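> My structure is below; once you've seen it, I'll send some questions.
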Amino acid sequence: MSMPQLAIEPWGNYSLALAASVECLHVRPWTHTCTTPEILKLGVEASPEFSCLSFKVTTGHFIKAAMEGVEYGVMVNSQGPCRLRYYRMLQQKLLKERGFNLFIFGLGYDGIKPPLIRHFNPTMNDFLRCCFRARLKVVTIDELETAAWTKRAVELRAGDTTRAMNACIKDLDQARTVPEIKAFRKTIPARFNQISVDVNRRPLKVALLGEATILRNSFLNQNLEEILGGLGVEVRNFFLLGEEMRNIFNIGTGSKYGWKAMRKLAKPYLGTPVGGHALASVAHTLRCAQDGYDGVIHVAPAGCMPEISVRPILRKISQDKDIPVFECSFDEHTSQVGLVTRLEAFVDVLYDRKTKKEL
Amino acid sequence: MFGKLKKASNGKLLEPRTIGIPRALLYYLYPGLWETFLKELGMQVTVSAPGTRKTIEQAGLISESEHCLPVKLFDAHLAELAGLVELIFVPRILSTLPGHIACPKLGALPDCARAQCPGGITIITVDINENRTPLTESMAQLGRLLNADETVIHQATERALSALRRARAVPTAPRKPDALNFLVIGHPYNLHDSYLSGPILQKIESLGVNAELVSFADRTALPEPVKWDTCSIMHDRLQRLVPSEWDGVIHLSSFNCGCDSIVSTLYQEVLREKEIPCMTLVLDEHAGQAGVDTRLEAFVDSIKDQHEHAATCH
């Protein structure tokens with residue numbers, strides 16, 4: 001009998017790590033590091049009109065998986081006030097209406113042994129080994145992303161960093177064991193140092209923050225990081241899964257990007273977490289102003305309940321702390337041109353400000 | 001705490017006399033409550049004027065473009081009050097029903113109001129979370145913020161609560177025989193805003209239909225499967241509908257409403273099982289009434305047609 005397949009929601013490069021974590025369940029992971037236009041179309045057709053892009057795209061993934069005969073799926077649970085709480089229930093209904101037999105497991109907030117683990121029942125040894133391996137992959141991906149952000153802004157030949165990044169991701173996917181991943185990790189600095197850089201260029205520093213799915217999925221955000229890198233901007237994407245996991249599992253929450261510190265920082269502007277990453281958006285914007293970032297780009301799916309509700313606050317922070325905030329909403333339009341023009345204008349303004357400040 | 005009143009140089013609290021309530025969201029979620037309560041405390045209460053075409057146009061100009069219609073209208077009502085009053089009351093609504101949560105946009109409302117309002121106006125706020133603190137306790141907190149005596153607060157709370165009960169218990173009009181019976185559902189701030197829902201309700205009536213508005217007086221809804229408070233009350237009501245008594249359901253939603261985007265699928269599922277026809281009308285900034293009228297006429301016609309067809313077949 002062949003192994004059952006398990007569809008994992010798309011999380012950009014982190015999909016690799018998530019795929020590694022379910023190997024212990026003796027299932028074949030079904031996942032993509034990037035969404036395709038076909039998947040998006042399937043999701044948009046099936047989803048309610050005003051639901052957010054994150055919902056539409058995850059629904060599209062599950063439908064595509066079901067069409068390819070995948071039996072199981074896994075989707076995060078949520079206890080917050082955001083719509084994420086209803087995703088799994090609604091997606092299961094939408095799949096059933098279309099006659100698909102894909103069962104979606106929830107993950108999170110359902111006890112120490114969630115239904116997913118209970119169903120596949122891996123041995124403790126296997127489970128821990130896979131978790132450890134997945135965590136290591138997540139941390140490695142964090143490291144790769146961080147390296148790419150700095151290199152892309154100063155690379156001499158356009159596209160070198162992206163090519164290096166793609167090769168690294170491929171190699172990381174091949175690395176199966178902990179020693180292999182560790183060995184790979186050691187080669188990262190050398191591989192990125194091979195990229196020839198312009199030492200005289202002084203890149204702008206811009207923060208990307210907002211909703212996690214859009215921040216991580218380069219198809220949905222229309223390659224925001226690469227466009228900005230090409231314009232000579234060093235980005236800092238504030239959704240790193242390694243950092244996020246510490247907050248989820250309550251480890252080191254007192255650190256600079258821990259939720260306790262964020263809540264304290266955001267308090268004068270926002271007195272409640274709202275849901276999603278809205279509080280983090282407010283806190284990070286304030287932090288970026290302190291840390292001397294040149295600008296902030298707030299990214300959200302169109303109509304995102306938590307992120308949109310804090311936009312007036314971000315505008316106020318922008319005035320109070322003198323930091324430009326660029327608000328950017330994404331929907332199912334796939335043309336990059338409009339975004340590129342707006343980003344070019346924003347980056348021009350930032351360069352102008354920087355030169356004037358230095359004079 | 002936010003909104004604590006400033007002290008004068010002699011150490012006494014400056015006593016503000018005027019307080020404003022935006023006629024949006026919180027006003028409709030707790031009809032009659034805040035107005036009565038603040039008046040009983042001895043404040044001079046100004047409620048922003050009922051919405052007009054101008055309010056909606058103003059909302060479109062000043063509000064965040066991706067907000068839902070009710071939040072945009074809230075911003076316009078807030079702007080109207082600025083300059084007229086010393087204080088504006090904007091509670092942080094986290095839950096209006098035990099066991100439930102409110103729409104996340106309502107939680108950030110006082111912070112947004114503070115970010116948007118010009119200087120010189122104090123936004124006064126209390127947390128309303130009926131999961132943790134009863135409404136009376138939140139009201140007492142508000143009273144204390146305004147420096148009122150405990151006895152006055154107690155009396156004001158009693159009167160305000162009875163005003164709330166009266167306002168929520170919408171009398172059900174006697175049903176006309178041989179007419180169609182519709183239930184109209186929607187968030188209280190869509191349903192009871194006369195500018196938004198008025199023309200639609202009049203049109204329904206002119207088509208000879210008995211329309212009953214969903215009541216929010218019943219507070220017994222369960223938090224499953226819908227956790228959002230007002231949505232849960234409506235979902236609960238739909239589940240209890242007796243198909244033979246109702247000919248149709250009209251759902252008044254508003255443009256870009258996040259809650260409705262999810263729960264309208266659930267409403268439709270319930271109604272499909274009960275075989276009650278349902279139509280969703282989305283309220284937005286368009287001024288033309290013709291589109292809505294045509295849809296209502298078509299909906300009523302098709303139901304009448306179905307009834308006649310059923311009668312001739314039997």
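Quick note: the coordinates plus some simple rules give every number you see, no bench work behind them. Keep in mind that what you see is a predicted model, and the values were worked out from it rather than measured. Virtual Cβ from ideal backbone geometry, glycine too; neighbours counted across all protein chains shown.
> Using a Gaussian network model of chain A whose springs link C-alpha atoms within less than 10 Å, name the residue from A:L224, A:L279, A:L128 with the highest mean-square fluctuation.
Result for chain A, Cα springs under 10 Å: A:L128 fluctuates most.
> If you bin every alpha carbon distance in segment B:180-313 into 10 Å steps from zero, what whole percent lands in each bin?
So the P(r) values, bin by bin, are 11, 44, 35, 10, 1.
> At A:S255 and B:R175, where each label point lies 7 Å from the Cα along Cα→Cβ, what is the point-to-point distance in nanometres?
6.3
> Can you put A:M245, B:M139 in order of Cβ neighbours within 10 angstrom, beginning with the fewest?
A:M245, B:M139
> Right, here's the next one. Less than 12 Å Cβ to Cβ from A:N13, Lys/Arg counted +1 and Asp/Glu -1: what total charge do the surrounding residues give?
-2
> Within straight cross-link reach of A:K41, meaning Cα distance under 20 Å, which lysines are found once same-chain residues fewer than 8 apart are removed?
Cross-link targets: A:K56, A:K64, A:K93, A:K96.
> Can you give me the angle between helix A:84-97 and the longest principal axis of chain A, using Cα atoms only, in degrees from 0 to 90, rounded to the nearest 10?
For A:84-97 against chain A, the angle is about 50 degrees.
> For segment B:14-163, what number results from the quotient of the Cα radius of gyration and 2.2 N^0.38 Å?
Segment B:14-163 yields a ratio of 1.01.
> Could you work out the percent of alpha carbon pairs in chain A separated by over 26 Å, rounded to a whole number?
Numbers: 33934 of 64261 pairs.
For chain A, the fraction of Cα-Cα distances above 26 Å is 53 percent.
> What are the lysines whose alpha-carbon lies under 25 Å from the alpha-carbon of A:K205, with same-chain residues fewer than 8 places away excluded?
Filter leaves A:K151, A:K256, A:K264, A:K316, A:K321, A:K354, A:K356, A:K357.
> Something else about it: Assuming a ≥ b ≥ c are the square roots of the Cα gyration tensor eigenvalues, decide whether segment A:21-91 counts as rounded (a/c under 1.5), prolate (otherwise, with a/b larger than b/c) or oblate.
oblate
> Summing Lys, Arg as +1 and Asp, Glu as -1, what charge do residues with Cβ under 9 Å from the Cβ of A:F239 carry, A:F239 excluded?
Once all neighbours under 9 Å are counted, the net charge is -2.
> Two decimals, Cα atoms only, Kirkwood Rh: what is Rg/Rh over segment A:202-359?
0.95
> While we're looking at this one, here's another question. Quick one: B:C278, A:C52, A:C168, fewest Cβ neighbours within 10 Å first, how do they rank? Mind dumping the intermediate values first?
On the way: B:C278 19, A:C52 30, A:C168 22.
The fewest-first ordering by Cβ neighbours comes to B:C278, A:C168, A:C52.
> Between segment B:173-194 and segment A:168-237, how far is it from one alpha carbon centroid to the other, in angstrom?
That distance is 56 Å.
> Evaluate the relative contact order of chain A (contact order divided by residue number), counting alpha-carbon pairs under 8 angstrom at least 6 apart; express in whole percent.
16
> List the relative contact order of chain B as a percent without decimals, with contacts defined as Cα pairs under 8 Å and 6+ residues apart.
18
> Taking K and R as +1 and D and E as -1, what net charge do the other residues with C-beta under 13 Å from the C-beta of B:P243 add up to?
Numbers: positive: B:R240, B:R272, B:K274; negative: B:E245, B:D247, B:E273, B:E275.
Residues close to B:P243 contribute a combined charge of -1.
> Let me ask another. How tilted is helix B:150-168 with respect to the longest principal axis of chain B? Cα atoms for both, answer in degrees (0 to 90, nearest 10).
Helix B:150-168 sits roughly 20 degrees off the main axis of chain B.
> Helix A:53-67 versus the longest principal axis of chain A: what angle, 0 to 90°, nearest 10, using Cα atoms?
The two axes meet at around 30 degrees.
> Listing B:D178, B:D284 from the residue with the fewest other Cβ atoms within 10 Å to the one with the most, what is the order?
Ranking B:D178, B:D284 by Cβ neighbours within 10 Å, fewest first, gives B:D178, B:D284.
> Looking at the calculated P(r) for the protein assembly as shown, what percent of the C-alpha pair distances fall above 51 Å?
Details: 38561 of 226128 pairs.
The calculated P(r) of the protein assembly as shown puts 17 percent of pairs beyond 51 Å.
> Run the reach check for A:K260 against aspartates and glutamates, Cα to Cα strictly under 14 Å, same-chain hits fewer than 8 apart removed. What comes back?
A:E243, A:E244
> Another one. For segment B:156-217, count the residues as N, evaluate 2.2 N^0.38 Å, and divide the Cα radius of gyration by that value, please.
So the Cα radius of gyration is 1.30 times the expected 2.2 N^0.38 Å.
> Also: FRET efficiency for A:N166 and A:L107, Cβ-Cβ distance as r, R0 = 25 Å, nearest 0.05?
0.30
> Which Cα, out of A:M124, B:G119, A:S281, lies furthest along the positive dipole direction of the protein assembly as shown (beta carbon charges, K/R +1, D/E -1)?
A:M124
> Binning every alpha carbon pair distance of segment A:1-142 at 5 Å from zero, what are the percents per bin?
Going out from 0 Å in 5 Å bins, segment A:1-142 shows 2, 10, 18, 23, 22, 15, 8, 3, 0, 0 percent.
> For segment B:69-91 and segment B:242-309, what is the separation of their C-alpha centers, rounded to whole Å?
Using only Cα atoms to place each centre, the spacing works out to 31 Å.
> Let a ≥ b ≥ c be the square roots of the eigenvalues of the Cα gyration tensor of segment A:125-241; is it rounded (a/c under 1.5), or, if not, prolate (a/b larger than b/c) or oblate?
Taking the square roots of the gyration eigenvalues as a ≥ b ≥ c, segment A:125-241 is oblate.
> Between B:T265, A:S335, A:A46, whose Cα lies farthest towards the positive end of the dipole of the protein assembly as shown when Lys and Arg beta carbons carry +1 and Asp and Glu beta carbons carry -1, centred on the Cα centre?
The one lying farthest along the dipole's positive direction is A:S335.
> Now, a different point. For B:112-120, what's the mean count of beta carbons from other chains sitting within 10 Å of each residue's beta carbon? Don't skip to the end; give the middle numbers.
On the way: counts 9, 1, 7, 12, 4, 0, 0, 0, 0.
Other-chain Cβ atoms within 10 Å of each residue's Cβ, averaged: 4.
> Under 8 Å for C-alpha pairs, at least 6 residues apart: give me the relative contact order for segment B:109-228, rounded to a whole percent. Display every interim value, and only then the final one.
Working: 70 pairs, mean separation 23.3, N = 120.
Reported as a whole number, the value is 19 percent.
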